[in-house]
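Right, one structure below, let's go through it.
No value in this document is a laboratory result; all are computed from the given coordinates. Worth saying up front: this structure is predicted, and the values here are computed from it rather than measured. Because the Cβ atoms are built from the backbone with ideal geometry, glycine has one as well, and the counts that use them run over all protein chains shown.
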Amino acid sequence: MTSQRIALVTGANRGIGKEVSRQLARDHGMKVLVGARDLAKGRAAADEIGYGAQAVQLDASDQTSVAAAFAQIEAAFGRLDVLVNNAGADYDTDQRAYHADLERVRRAFDTNFFGPWATTIAANPLLQRGENARIVNVSSGAGALTGMSAGTPGYGISKAALNALTIKTAAELKPQSILVNAVCPGWVATDMGGGGRPVSEGAKGVVWAATLPNSGPTGGFFRDGVAIEW
């Protein structure tokens, strides 16, 4: 009998990350690790999700926190089957590229780009031991070069970089049958999004990528399970 799959979702104490965690646990029977910068908030979210969800203190922008989180996961489980890089920050609609606050942009990159990169590096040894391992980078249409226009420079450019990281890691991990994809959840009614469709709908596309069969795609950019342009 196959053992329960282990999934880590970053930025999972609210919004899309919380709902992705709920769907992976409830609908797919996974042991979900709710990554959260604030452990108390992570625990509250895990309790609300139920189904054995467990909180892990993880600030993707802090290398010490990342290392401690993955040491904890390795000690407890010895492997990881799914990594969802969901943590994101600063949808900077008030900025423009020609007069952006670059310190603010750097902070956005720390969470939206370097954070997922750091967690991917830390997760790789555990994913290599996992079963049908998957990496999902929660991206955004704001990071698509096709149709990119004015506004949200820090957020949009950091998500474009995340898309490039997706392509690189997908190509490099393909020989190990680890599927890596970027997913745009669409405009969703979260604290950051501020409106749009229900969170449960946006989360479905992320869950789809996290549960792809071995014959599924890798190195792609998707919304609702449909490929979109980079």
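Relative to the current alpha-carbon distance between ARG197 and GLU48, full extension at 0.36 nm per residue lengthens the span by 51.5 nm. Each residue, ARG104 and GLN72, gets one label point 7 Å from its Cα in the Cβ direction; the gap between the two is 3.2 nm. The residues ARG79, ARG197, ARG5, when put in order of fewest to most other Cβ atoms within 10 Å, stand as ARG197, ARG79, ARG5.
For LYS18, the lysines whose Cα comes closer than 22 Å to its Cα, not counting residues fewer than 8 places off in the same chain, are LYS31, LYS41, LYS159, LYS204.
A Gaussian network model of the chain, with springs between Cα atoms under 10 Å, assigns the largest mean-square fluctuation among ALA40, ALA76, ALA108 to ALA76. Counting other Cβ atoms within 10 Å as a rough exposure proxy, the listed residues LYS174, LYS159, LYS41 run LYS174, LYS41, LYS159 from fewest neighbours to most.
With charges only on Cβ, +1 for K and R and -1 for D and E, what is the dipole size of the range 6-227 about its Cα centre, in debye, rounded to 20?
Values: 21 positive and 20 negative charges, 66 e Å.
That gives a dipole near 320 debye.
Just to be sure I understand the rule: take each whole DSSP H helix in the chain, project its Cα atoms onto its long axis, keep it if the span is 30 Å or more and its mean Kyte-Doolittle hydropathy is at least 0.5. Which ones pass? If you can, show how the numbers build up before the last one.
Details: long enough: none.
Both cut-offs are met by no helix.
In terms of other Cβ atoms within 10 Å, THR64, THR10 run from fewest to most in the order THR64, THR10.
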